[in-house]
Amino acid sequence: MALLTGSNKINIAVFISGTGSNLKSLIKFSKLKKSPIIIKMIISNNYKAKGLQYANIYKIKKKVFNFKNILSEKKVINELKKNDIHLICLAGFMKILSKSFIKNFKGKILNIHPSLLPKYKGLNTHERAIRNKDKYSGCTVHFVNSRLDSGEIINQKKVRIKKLDTPKILAKKILIQEHKLYPAAIMKIFSL
Ligand code: GRF
């Protein structure tokens with residue numbers, strides 16, 4: 001994909017379930033001149049997601065779907081197509097998308113995961129890294145395929161685990177890096 005500029009920017013949707021700090025960092029990034037993206041919509045499976053506040057603050061369209069079945073996913077797909085969305089960024093989105101959804105947006109879904117994949121796919125990554133006495137953990141941005149946290153890796157950032165780190169402390173340190181890593185991953189795929 002070549003770098004897109006000006007009116008050629010690509011429309012993206014960010015999917016969230018919770019706090020939305022990665023969403024916020026993507027919104028800030030999208031406002032930079034060099035950014036190849038426009039955040040056209042925010043989608044959540046949770047109407048209580050704190051991150052939905054950014055839709056109001058930054059005047060971005062938001063929609064909540066339950067993602068519980070194929071029918072609900074079809075509604076999401078229709079919404080995305082209606083809004084001319086060409087890239088989906090999962091950012092703390094806690095639902096597993098169906099194979100057919102992923103097929104519909106093949107190669108156009110990114111995810112950020114709080115570990116150095118392929119280590120620690122799934123949940124509780126910080127607890128597991130600390131329990132195993134790893135020296136480093138970190139975060140990864142990757143393309144989404146039909147296997148959990150297994151798609152092609154775009155970029156990663158290592159974070160040192162200190163002796164006294166609790167899962168909470170480590171999560172905080174890694175989150176700070178996530179906020180830089182996601183924009184960098186987007187820059188990377190559009191400059192290839
Ligand atoms: C991040 O650590 C992300 O990697 C993980 O969930 C967290 C979401 O944080 N999947 P936020 O909602 O972006 O603040």
Subtracting the Cα-Cα distance of Ile57 and Lys133 from 0.36 nm times their residue separation yields 23.3 nm
Taking Cα atoms, the helix 70-82 axis meets the longest principal axis of the chain at an angle in degrees (rounded to 10) of 60 degrees
A convex hull over the alpha carbons of the chain yields, per residue, a volume in Å³ of 113 Å³
One would report the antiparallel percent of DSSP beta bridges in the chain, rounded to the nearest 5, as 40 percent
Averaged per residue, the 1.4 Å probe accessible area of region 10-191, protein heavy atoms only, in Å², is roughly 54 Å²
Here the relative contact order (percent) of the chain, from C-alpha pairs under 8 Å and at least 6 apart, is 22 percent
Counting only residues 5 or more apart in sequence or on a different chain, those whose built amide H sits under 5 Å from that of Lys61 are Ile42
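So, counting K/R as plus one and D/E as minus one, what does the shell of residues with Cβ under 15 Å around His86 add up to?
+4
Would you please give the FRET efficiency between Arg147 and Asn69, computed as 1/(1 + (r/R0)^6) with r the Cβ-Cβ distance and R0 = 22 Å, to the nearest 0.05? Don't skip to the end; give the middle numbers.
On the way: r = 21 Å, r/R0 = 0.95.
After rounding, the FRET efficiency stands at 0.55.
Using per-residue counts of other Cβ atoms within 10 Å, averaged over each peptide, order 146-153, 44-51 from highest down.
On the way: 146-153: 13.9, 44-51: 17.5.
Sorting 146-153, 44-51 by mean packing, highest first, produces 44-51, 146-153.
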Carbon plus sulfur, as percent of the 1.4 Å-probe accessible area of region 10-191, comes to 56 percent
Here, trypsin sites (Lys or Arg not before Pro) of region 148-192 satisfying both criteria (DSSP loop; at most 11 other Cβ within 10 Å) are Lys162, Lys163
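Computed over the Cα atoms of region 77-169, what is the ratio Rg over Rh, Rh following Kirkwood?
That ratio is 1.05, to two decimals.
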Computed over the chain: longest principal axis from alpha-carbon atoms vs helix 21-30 long axis, angle to nearest 10 degrees, is 50 degrees
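With charges only on Cβ, +1 for K and R and -1 for D and E, what is the dipole size of region 10-191 about its Cα centre, in debye, rounded to 20?
Here region 10-191 has a charge dipole of around 300 debye.
Helix-only mean residue ellipticity at 222 nm, the chain, DSSP H runs n ≥ 4 weighted -39,500 (n - 2.57), per residue, nearest 500. What is it?
Calculated mean residue ellipticity at 222 nm is -10000 deg cm²/dmol.
The values are calculated or read from the model by the stated rules, or taken from the named source; none is laboratory data. Since the model is a prediction, treat every value here as computed from it, not as a measurement. Positions of Cβ are generated from backbone atoms using ideal geometry, with glycine treated the same way; all protein chains shown enter the neighbour counts. Only protein heavy atoms, including side chains, enter the accessible area calculation; ligands, DNA and RNA are left aside. Shrake-Rupley method; radii C 1.70, N 1.55, O 1.52, S 1.80 Å.
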